[in-house]
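To start, the structure itself, in C-alpha cells.
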Amino acid sequence: MARTASNMLPIGTQAPNFNLFDTIAESKKNLNEIKGVKGTVITFICNHCPFVIHINDKLVSVANEYQKFGIGFVAISSNDVNNYPQDGPNEMKLQALKLGYPFPYLYDETQDIAKSYDAACTPDFFVFDSELKLVYRGQFDDSRPENNINVDGKDLKNALNCLITNTSNNQIQKPSIGCNIKWKN
C-alpha cells in the first residue's frame, strides 16, 4: 500500500467551484448547492484505498454529527477508472448506499477538480468556512490501517469545533497520509 502525504494548500485559499456528477442522486451538484451555513468539508476518497476503508465508518459518524451544526460534507473520487474500475460511478453509488454516506459522493472524471484542490491522496481533507476560505487541510486523525490507533477523527473534529465556535485552531495541521490519487496517463 503506497503512502502519499497530502499537499498543504495555503490557509485562506478560496475553494475552487465544481459541478460534478453525484453518483447517489445521479445528477450534477455544484459547491454552492452542498456548502454548509457554517462551513464545508471536502474530502477526496475512493472505494478501494485501505486508508479510506479504515476510516469510512467514523467519517459517516462525524458527518452525521456535524451536519447538525451547519457543516456541509461532500466526498469526491478522482481516480482513473480505466485502471481502477472499482472506483467508477456505479461502484461509488453502491459503496455510498452500503455505508450510508450522508453526503454526496461526486465523480471527478476529468480529474480537474482534484488538481484545482491540489489533492494528492485518499483520504485528503479540506475544511472551508462559511465564505469558502480554507481553514483546515490535513489528516482525519493519527490512525492508520497498521498502527492500532483508534479511529476517532480528532483532528478533523477539532477543526470543525473551532469553526463552529469561531475560535482559532492552534493545533498543528498534519498532512493526511493515504494512497496516491490514481492519475490518468
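Kindly provide the set of residues from segment 127-140 that are surrounded by fewer than 21 Cβ atoms within 10 Å (Cβ to Cβ) and either under 19 Å from residue 60 (Cβ atoms) or among the small types (Gly, Ala, Ser) (or both), ordered by number.
Across segment 127-140, the qualifying residue is only 130.
If you go through segment 102-138 one residue at a time, how many are in contact with a strand residue (DSSP E or B) (Cβ under 7 Å, 6 or more places away or on another chain) and either closer than 16 Å to residue 21 by Cβ or of a type in the set (A, V, I, L, M) (or both)?
14
Kindly provide the set of residues from segment 1-42 that are surrounded by fewer than 16 Cβ atoms within 10 Å (Cβ to Cβ) and assigned to a strand (DSSP E or B), ordered by number.
Matches in segment 1-42: 14, 19, 27, 28, 30.
Which residue is nearest to the chain's Cα centre (by Cα), if the candidates are limited to segment 11-44 and must be more than 22 Å from residue 118 (Cα to Cα) and aliphatic (A, V, I, L, M)?
24
Just the residues that are under 18 Å from the mean Cα position of the chain (by Cα) and either buried (at least 19 other Cβ atoms within 10 Å of the Cβ) or under 22 Å from residue 72 (Cβ atoms) (or both), please, taken from segment 163-176. Steps first, please.
Pass one, segment 163-176, residues under 18 Å from the mean Cα position of the chain (by Cα): 163, 173-176.
Residues satisfying the conditions are 163, 173, 176.
When the residues of segment 102-120 are narrowed to those that are within 12 Å of the chain's Cα centre (by Cα) and more than 19 Å from residue 32 (Cα to Cα), which ends up surrounded by the most Cβ atoms within 10 Å (Cβ to Cβ)?
Keep residues of segment 102-120 that are within 12 Å of the chain's Cα centre (by Cα), which gives 103-106, 114, 117, 119-120.
If we keep only those that are more than 19 Å from residue 32 (Cα to Cα) too, we end up with 119-120.
Working: 119: 26, 120: 19.
Residue satisfying both the conditions and the ranking: 119.
Would you confirm whether or not segment 3-19 contains a residue that is farther than 23 Å from residue 129 by Cβ and either at pLDDT 95 or above or among the polar types (S, T, N, Q) (or both)?
First pass over segment 3-19, keeping only residues farther than 23 Å from residue 129 by Cβ: 3-5.
Next, only the ones that are either at pLDDT 95 or above or among the polar types (S, T, N, Q) (or both) stay: 4.
Checked segment 3-19: at least one residue is farther than 23 Å from residue 129 by Cβ and either at pLDDT 95 or above or among the polar types (S, T, N, Q) (or both).
Of all residues in segment 1-33, count the ones that are closer than 11 Å to residue 105 by Cα and of a type in the set (Val, Ile, Thr).
2
Take the residues in segment 144-162 that are of a type in the set (S, T, N, Q) and more than 24 Å from residue 37 (Cβ to Cβ), then tell me which one is nearest to the chain's Cα centre (by Cα). Lay out the reasoning, then the answer.
First pass over segment 144-162, keeping only residues of a type in the set (S, T, N, Q): 147-148, 150, 158, 161.
Of the ones still in play, those that are also more than 24 Å from residue 37 (Cβ to Cβ) are 147-148, 150.
Numbers: 147: 21, 148: 22, 150: 19 Å.
Going through the qualifying residues, I end up with 150.
Got at least one residue in segment 78-100 being in a strand (DSSP E or B) and over 18 Å from residue 35 (Cβ atoms)? Before the answer, list the steps.
We begin by selecting, within segment 78-100, every residue in a strand (DSSP E or B); these are none.
Within segment 78-100, not a single residue is in a strand (DSSP E or B) and over 18 Å from residue 35 (Cβ atoms).
Can you confirm whether residue 55 is assigned to a strand (DSSP E or B) and closer than 17 Å to residue 125 by Cα? So that I can check it myself, show each step before the final result.
Details: assigned to a strand (DSSP E or B): no; closer than 17 Å to residue 125 by Cα: yes.
It is false that residue 55 is assigned to a strand (DSSP E or B) and closer than 17 Å to residue 125 by Cα.
The values are calculated or read from the model by the stated rules, or taken from the named source; none is laboratory data. Model, not experiment: these values are computed from the prediction. In this analysis, Cβ positions are derived from the backbone assuming ideal geometry, glycine residues included, and neighbour counts consider all displayed protein chains.
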